Amino acid sequence: MINLGILISGRGSNMESILKFLIQDEGSKVRPKVVISSKPEAEGLEKASKFGIPTSVISNKLKGWEFDKEIIGILQQYDVKPENGLVCLAGYMRILSSEFVRIYKLRIMNIHPSLLPSFPGLNSQKQALDHGVKITGCTVHFVDEGLDSGPIIAQKHVEVLETDTYDTLSDRILEQEHLLYPYCVKLFSEKRLLIQDRKVIVT
Ligand code: GRF
């Protein structure tokens, strides 16, 4: 079994899609253990409680590694450990310290609203519109020490329409995110992700 910790900062719709998926996935090998937020006002906290998942908020007085040490402490308390755990970043708006990434090596995933390596960082949907690309999408990847640069697990494409605004494009990408992230969590739990250098092979 894999013990899952989810890190959020806001709305938490990706977290919700993962939790919904796990509930209806008979024989799931994933146990959601805790949702941790970097912001006390995150809407996702209430959503997590509705699923009966314990939640925790990290004090924003802490900085850098001190902040991450607190997270790791909570993950360990809920038995989400490097040997049995998976940490999903779902709209988590902080960069992880390299210590955190090293301790949970290849056990932290993130979802990003573009086809990486295009448009990393913030406002990827706006970057895609401004650049005039015809196709964008979303990516689930393992987290490494760089910005949205870790090994790519899976991607889904979304066509950019001439009439698209930031909101319409973001909504269509989000629909795909909600399908892609649970699928990747499942692949991980079934040990179907084989990592060779920076390539992730789905077996
Ligand atoms: C999503 O677009 C995700 O790709 C990005 O942040 C957004 C989070 O949305 N990393 P939500 O909090 O999951 O609703």
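What follows is calculated from the coordinates using simple rules that are stated; it is not laboratory data. Remember, it's a predicted structure, so these values are computed and weren't measured experimentally. Virtual Cβ from ideal backbone geometry, glycine too; neighbours counted across all protein chains shown.
Summarising the strand pairing of the chain, around 45 percent of its internal DSSP beta bridges are antiparallel. Distant-in-sequence amide contacts of residue 154, defined by a placed amide H-H separation under 5 Å and a gap of 5 or more residues or a different chain, comprise 140.
Using the rule -39500 (n - 2.57) for each DSSP H run of four or more residues, divided by the residues of the chain, the 222 nm mean residue ellipticity is -11000 deg cm²/dmol.
Under the criterion of Cα pairs below 8 Å and six or more residues apart, the relative contact order for the chain equals 20 percent. For segment 56-186, the equivalent ellipsoid built from the Cα gyration tensor has semi-axes of 30, 15, 13 Å, listed from largest to smallest. Take 71-77, 106-112 and order them by the average number of nearby Cβ atoms within 10 Å per residue, most first; the result is 106-112, 71-77.
Specify the inter-centroid distance of segment 151-203 and segment 68-92, based on alpha-carbon positions, in whole Å. Segment 151-203 and segment 68-92 have Cα centres separated by 22 Å.
So which helices of the chain fit the span-like rule, where a helix is a whole DSSP H run, its Cα atoms reach 15 Å or more along the axis, and its mean Kyte-Doolittle is at least -1.0? Provide the component values of the computation, followed by the final result.
Details: long enough: 13-24 (17 Å, 0.44); 64-77 (20 Å, -0.21); 166-189 (34 Å, -0.16).
Helices meeting the span and hydropathy rule in the chain are 13-24, 64-77, 166-189.
The separation of segment 1-45 from segment 94-150, counted between C-alpha centres, amounts to 19 Å.
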